[in-house]
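In what follows, a single structure is set out as structure tokens and then discussed.
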Amino acid sequence: MAVKSLLEQTGGPYEILLSDDSSTDKTYEFMQEAVSEFPTVHTVIFNRNDKNLGIAEHINKVFDISSGDIVIFNAGDDISLPNRCARLLEEFERTNAWLVHSHAKCVDKNGNVAQQSYRNAQFFKTDDLAALSTAKALFLGATGSYHRNIVDKYGKLSNPSLFEDLIFGFRAALERKISFIDDELLIYLAHGGVSSKTDTNGNAKQNLASHKNLTRFLAVLEQRENDAQIFGLQKNHPVFRAIKKSRRKTLIEISILHQKQECFWGLVIKSPIHTIKTFLRSRKMSR
């Protein structure tokens with residue numbers, strides 16, 4: 001459905017890049033089959049990575065092999081409405097923005113309407129750079145489209161754990177070149193990104209996920225700090241103070257998780273049967 005929704009885009013013709021990050025299923029073959037069965041006026045380019053690059057490196061490669069000034073993303077589980085590309089391109093032309101995003105119709109895996117929790121993201125609340133510099137959600141990244149300037153000026157995503165919306169969104173905020181279309185242009189399969197909350201009191205599995213999110217957020221803060229320097233903010237700007245404070249808080253949270261892990265394994269050595277029973281009981285209660 002995702003591929004078909006791109007082939008059905010009105011306006012154009014557009015360059016459609018279908019890129020498969022070395023998936024282990026038959027995604028690439030399915031994309032080829034969908035294109036062969038559906039005539040389109042658009043130019044379709046296929047890419048299949050020899051090895052899995054991960055989100056950040058895959059995004060970098062997409063910018064390398066695409067030719068347009070505007071890059072519009074569409075994940076494999078999302079569906080673009082027929083006028084999405086045309087509306088986005090009109091908005092870029094009208095505003096000279098570096099980032100254009102929109103509302104989306106959120107659905108769960110069964111196709112039922114899901115909560116639009118992305119409306120709590122910071123772009124819907126403030127344009128204050130200090131607040132944005134430490135935000136764990138800026139906008140619904142699935143709706144994002146970007147001008148190539150966002151990479152040409154600031155560089156590619158430097159850390160493989162980064163999500164493009166958290167970095168490109170902040171870059172566009174620095175430039176004050178963000179535009180929003182108050183309309184649903186995408187059907188979005190709701191799922192989690194970088195969590196705005198961290199559970200330091202969860203079980204071992206939850207703590208591992210929290211540790212991954214916290215480590216990723218440190219990389220986000222580092223990239224945003226570098227981008228603020230490239231933009232030319234002075235060292236005494238509130239952005240740098242906010243990032244420093246957020247980094248310190250995140251490191252403390254990581255330290256707490258490490259202590260909990262060390263305590264758990266210490267108890268396993270001292271009293272293995274009791275500790276394992278307690279762990280299994282806590283997992284059962286958390287379900």
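The values are calculated or read from the model by the stated rules, or taken from the named source; none is laboratory data. As the structure is a prediction and not an experimental result, all values here were calculated from the model. Note that each Cβ is placed from the backbone with ideal geometry, even for glycine, and that neighbours are counted across all protein chains shown.
Scanning the range 85-100 for residues that are part of a loop (DSSP other than H, G, I, E, B) and surrounded by 21 or more Cβ atoms within 10 Å (Cβ to Cβ) gives A97, W98. Number of residues in the range 136-153 that are more than 14 Å from I72 (Cβ to Cβ) and over 13 Å from the mean Cα position of the chain (by Cα) equals 4. Of all residues in the range 75-100, exactly one satisfies the criterion of being of a type in the set (S, T, N, Q), under 23 Å from A173 (Cβ atoms) and touching a strand residue (DSSP E or B) at 6+ places or on another chain (Cβ under 7 Å), namely T95. Residue count for the range 31-66, restricted to those that are in contact (Cβ under 8 Å) with a residue 12 or more places away in the chain, of a type in the set (S, T, N, Q) and more than 18 Å from G11 (Cα to Cα): 6.
The residues in the range 130-144 that are of a type in the set (S, T, N, Q) and surrounded by fewer than 22 Cβ atoms within 10 Å (Cβ to Cβ) can be counted, and the count is 1. Counting only strands (runs of 3 or more DSSP E) that sit completely within the range 15-84, those holding 3 or more residues that are surrounded by 16 or more Cβ atoms within 10 Å (Cβ to Cβ) correspond to 15-20, 70-72. Considering only the range 188-204, I want to know if a residue exists there that is buried (at least 17 other Cβ atoms within 10 Å of the Cβ) and at pLDDT 95 or above. Within the range 188-204 (the criterion being buried (at least 17 other Cβ atoms within 10 Å of the Cβ) and at pLDDT 95 or above), the answer is yes, since at least one residue qualifies.
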